[in-house]
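The values are calculated or read from the model by the stated rules, or taken from the named source; none is laboratory data. The shown structure was predicted, so the numbers you read here are calculated from the model rather than taken from an experiment. Cβ placement follows ideal geometry from the backbone for every residue including glycine, while neighbour counts extend to all protein chains displayed.
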2 protein chains.
Amino acid sequence: MGLAKTEMFTDEQNEISLFAKAFGHPARVSILQHLFKIDSCVCGDLVAEIGLAQPTISQHLKELKLLGLIKGNVEGTSVCYCIDKENWTAMKNVMTAFLDQDLKSSGECC
Amino acid sequence: MGLAKTEMFTDEQNEISLFAKAFGHPARVSILQHLFKIDSCVCGDLVAEIGLAQPTISQHLKELKLLGLIKGNVEGTSVCYCIDKENWTAMKNVMTAFLDQDLKSSGECC
DNA sequence: TTTGTTGATTGCAATATTACGATTAATTAT
DNA sequence: ATAATTAATCGTAATATTGCAATCAACAAA
């Protein structure tokens with residue numbers, strides 16, 4: 001196909017797109033919202049909550065964990081997941097700076 | 001494969017993921033940043049700016065336009081693109097509400 | 001130990017995305 | 001009319017993502 005290499009873009013652009021990609025699937029949005037709603041660790045009721053199979057949820061969790069947005073602690077047979085608030089804040093700062101670009105541009109056009 | 005249907009998720013979750021998907025590629029992030037930086041219409045120098053072929057850029061522009069984040073006005077042989085600030089603000093409100101979830105959750109865990 | 005429970009991993013099949021050469025469409029210049 | 005310019009579209013190849021059945025690994029309960 002011809003993949004656009006990350007070298008073509010700035011670190012900031014690559015970082016923004018990586019975070020955005022994590023939110024680019026409703027299942028992951030749903031997982032994150034659930035973790036916030038519960039506001040504590042969730043031990044595996046995500047499969048019941050969302051209507052997807054266990055391996056699928058596990059895969060989505062893995063991606064979110066890899067990005068650092070969530071933490072997973074083993075607790076007996078189950079694993080407890082929760083938001084990594086520190087990393088979430090850092091991500092939010094990056095994304096907010098991107099979304100707030102309009103504040104600096106006053107021009108009208110077209 | 002088995003696509004997760006949009007009916008499985010809330011309208012909000014689907015909307016967030018659609019916007020996020022638009023930002024999920026560094027080329028589109030780059031296009032949007034450039035449009036903000038210029039702060040006026042851009043008549044097709046995006047291909048020179050970003051290192052991708054003209055059909056590729058055109059395709060990315062189409063997606064952003066379909067989502068309503070940018071506008072394109074035909075002007076002679078060229079087309080002028082700029083941010084649709086009204087829609088950008090609406091998108092920002094949706095995304096910000098999602099990103100700011102952490103403000104409402106005070107709990108410590110794990 | 002055996003059984004049950006929970007969640008990760010593997011191995012695929014289905015689908016979506018990305019990139020670009022070639023072409024087309026629309027407009028302008030000569 | 002012809003040529004030049006600009007950007008959209010088509011067709012297709014390469015790659016990435018998603019979903020899940022099957023399996024595996026770790027631990028707990030009997």
For residues in region A:36-59 being more than 10 Å from DNA strand C (Cβ to nearest atom) and of a type in the set (D, E), which is nearest to the other protein chains (Cβ to nearest Cβ)? A:D39
With in a helix (DSSP H, G or I), buried (at least 17 other Cβ atoms within 10 Å of the Cβ) and either away from DNA strand D (no atom under 12 Å from the Cβ) or in contact (Cβ under 8 Å) with a residue 12 or more places away in the chain (or both) as the only criterion, which of B:L103, B:L52, B:L32 stands out? B:L32
Matching residues, region B:60-75, being loosely packed, with under 15 Cβ neighbours inside 10 Å, within 12 Å of chain A (Cβ to nearest Cβ) and either at pLDDT 95 or above or touching a strand residue (DSSP E or B) at 6+ places or on another chain (Cβ under 6 Å) (or both): B:N73
Region B:18-35: number of residues that are touching a Gly at 6+ places or on another chain (Cβ under 6 Å) and within 10 Å of DNA strand C (Cβ to nearest atom): 2
Qualifying residue in region A:71-82 (condition: in contact with an Asp or Glu (Cβ under 8 Å, 6 or more places away or on another chain) and under 19 Å from B:A20 (Cβ atoms)): no
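For every residue, the table says whether it meets (1) out of contact with any Pro (no Cβ under 9 Å at 6 or more places or on another chain); (2) of a type outside the set (D, E, K, R).
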{"position": "A:F9", "(1), (2)": "no, yes"}
{"position": "A:N14", "(1), (2)": "no, yes"}
{"position": "A:F19", "(1), (2)": "yes, yes"}
{"position": "A:S30", "(1), (2)": "yes, yes"}
{"position": "A:F36", "(1), (2)": "yes, yes"}
{"position": "A:D39", "(1), (2)": "yes, no"}
{"position": "A:V42", "(1), (2)": "yes, yes"}
{"position": "A:L46", "(1), (2)": "yes, yes"}
Would you pick out the residues in region A:71-110 that are of a type in the set (A, V, I, L, M, F, W, C) and more than 21 Å from A:N14 (Cβ to Cβ)? A:V74, A:V79, A:C80, A:C82, A:I83, A:L103, A:C109, A:C110
Restricting to region B:35-49, and then to whatever is in a helix (DSSP H, G or I) and not aromatic (F, W, Y), can you tell me which residue is surrounded by the most Cβ atoms within 10 Å (Cβ to Cβ)? B:L35
How about region A:1-19: which of its residues are within 11 Å of DNA strand D (Cβ to nearest atom) and either in contact (Cβ under 8 Å) with a residue 24 or more places away in the chain or assigned to a helix (DSSP H, G or I) (or both)? A:T6, A:S17, A:L18
Considering only residues that are charged (D, E, K, R), under 17 Å from A:L46 (Cα atoms) and in a helix (DSSP H, G or I), which ones fall in region A:64-100? A:K65
Does region B:37-49 contain any residue that is at pLDDT 95 or above and in contact with a Lys or Arg (Cβ under 9 Å, 6 or more places away or on another chain)? no
